[in-house]
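The values are calculated or read from the model by the stated rules, or taken from the named source; none is laboratory data. For clarity, every value in this text was computed on a predicted model and none was experimentally measured. Here the Cβ positions follow ideal geometry from the backbone for every residue, glycine too, while neighbour counts run over all protein chains shown. Side chains are part of the model used for accessible areas, which takes the heavy atoms of the whole protein and leaves out ligands, DNA and RNA. Shrake-Rupley method; radii C 1.70, N 1.55, O 1.52, S 1.80 Å.
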Amino acid sequence: MSTPRPNHAGIGMTSARTRDRLVQRLRDQGITNLSVLERIRNLPRHIFVDEALASRAYEDTALPIGWGQTISQPYIVARMTEALLAGGMPEKVLEVGFGCGYQTAVLAPFAQRIYSIERIEPLVKRARARLKELEIRNVKLKHGDGMKGWPTQAPFDGILVAAAPLTLPEALVKQLAPGGRLIVPVGPEGQQQLLRLTRRESGIHREVLGPVSFVPLLAGLG
Ligand code: SAH
């Protein structure tokens, strides 16, 4: 897993048909942003998982990436990306809990600059290698506690949180630029809701996007 595998084309699991099937499934489930669907079709997902799981990389399912964490389900990546982009393309994005870096890579072409934080250090190294392999250069990755946000880079036009806090982290809400959107799953296991908070002149506007299932957002470093 740690050595780059530059040859991501030409093996069976990356076949156009397998990817088309995944994209069709996402459409069937209500994803409508064509640019996001196209990005998911074109981005190799199998390079983000262990070789033993690569044949399942284009199934619409979360898969283990080690350290008790998972690569997010393509549907949820599409849903969150779509929710973040609705209302315009964000310039500066903060991502909390980048794990293997797949969501980061999906998002990369849609933002000018992405700042991403992950609390498990070995995952940071692996994600860095994958993004380099894909020649993604507008992302800054760091090892840290994303619950505190990234104050020196704030404010952000978009904030995407890939793990669920029990309650809304105020530090993240504070780091939203005017018009900025925060996409975050909130709640205990089995009762999480995906929220979108938008900073408007009148205050914070809150939308409930629906029930979801994420690993917990943990304080401190892994
Ligand atoms: N979208 C990622 C999902 C990874 S799962 C992917 O597709 O790979 C969520 C990640 O959030 C895990 O890697 C976990 O370690 C991380 N995480 C949990 N709490 C965190 C925190 N406080 N700060 C940064 N990362 C955190």
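Could you tell me which residue of segment 73-89 is farthest from T198 (Cα to Cα), considering only residues that are at pLDDT below 95 and not hydrophobic (A, V, I, L, M, F, W, C)? Residue satisfying both the conditions and the ranking: G88. Listed here are the strands (runs of 3 or more DSSP E) enclosed by segment 69-148 that have at least 1 residues being open to solvent by less than 30 Å² (accessible area, probe 1.4 Å) and more than 10 Å from the ligand (Cβ to nearest atom): 92-96, 113-118, 139-143.
Need pairs with beta-carbon distance below 9 Å; first residue touching a residue at least 12 places away in the same chain (Cβ under 8 Å) and within segment 28-52, second β-branched (V, I, T) and open to solvent by 50 Å² or more (accessible area, probe 1.4 Å); sequence gap 6+ or separate chains. Cβ pairs passing all conditions: H46/I11.
Would you be able to say whether some residue in segment 153-160 is of a type in the set (F, W, Y), buried (at least 21 other Cβ atoms within 10 Å of the Cβ) and either out of contact with any strand residue (DSSP E or B) (no Cβ under 6 Å at 6 or more places or on another chain) or more than 22 Å from R113 (Cα to Cα) (or both)? No - not one qualifying residue is present in segment 153-160. Listed by first and then second residue, the pairs with beta-carbon distance under 7 Å, at least 6 apart or on different chains, first residue in segment 79-105 and over 26 Å from G68 (Cα atoms) and of a type in the set (G, A, S), second open to solvent by 10 Å² or more (accessible area, probe 1.4 Å) and more than 13 Å from the ligand (Cβ to nearest atom), are A83/R196; A83/L209; G87/R181. Mind checking whether some residue in segment 204-222 is within 28 Å of R39 (Cα to Cα), among the aliphatic types (A, V, I, L, M) and surrounded by fewer than 13 Cβ atoms within 10 Å (Cβ to Cβ)? Yes, segment 204-222 contains a residue that is within 28 Å of R39 (Cα to Cα), among the aliphatic types (A, V, I, L, M) and surrounded by fewer than 13 Cβ atoms within 10 Å (Cβ to Cβ).
Condition first: under 15 Å from the mean Cα position of the chain (by Cα) and among the hydrophobic types (A, V, I, L, M, F, W, C). Now tell me which residues in segment 148-167 satisfy that. Within segment 148-167, I159, L160, V161, A162, A163, A164 meet the criteria. If the condition is being under 26 Å from Y75 (Cα atoms) and within 11 Å of the ligand (Cβ to nearest atom), then segment 149-164 contributes G149, L160, V161, A162, A163, A164. Going by what's in this entry, would R130 be described as out of contact with any strand residue (DSSP E or B) (no Cβ under 8 Å at 6 or more places or on another chain), at pLDDT 95 or above and within 21 Å of P44 (Cα to Cα)? Yes: the conditions hold for R130.
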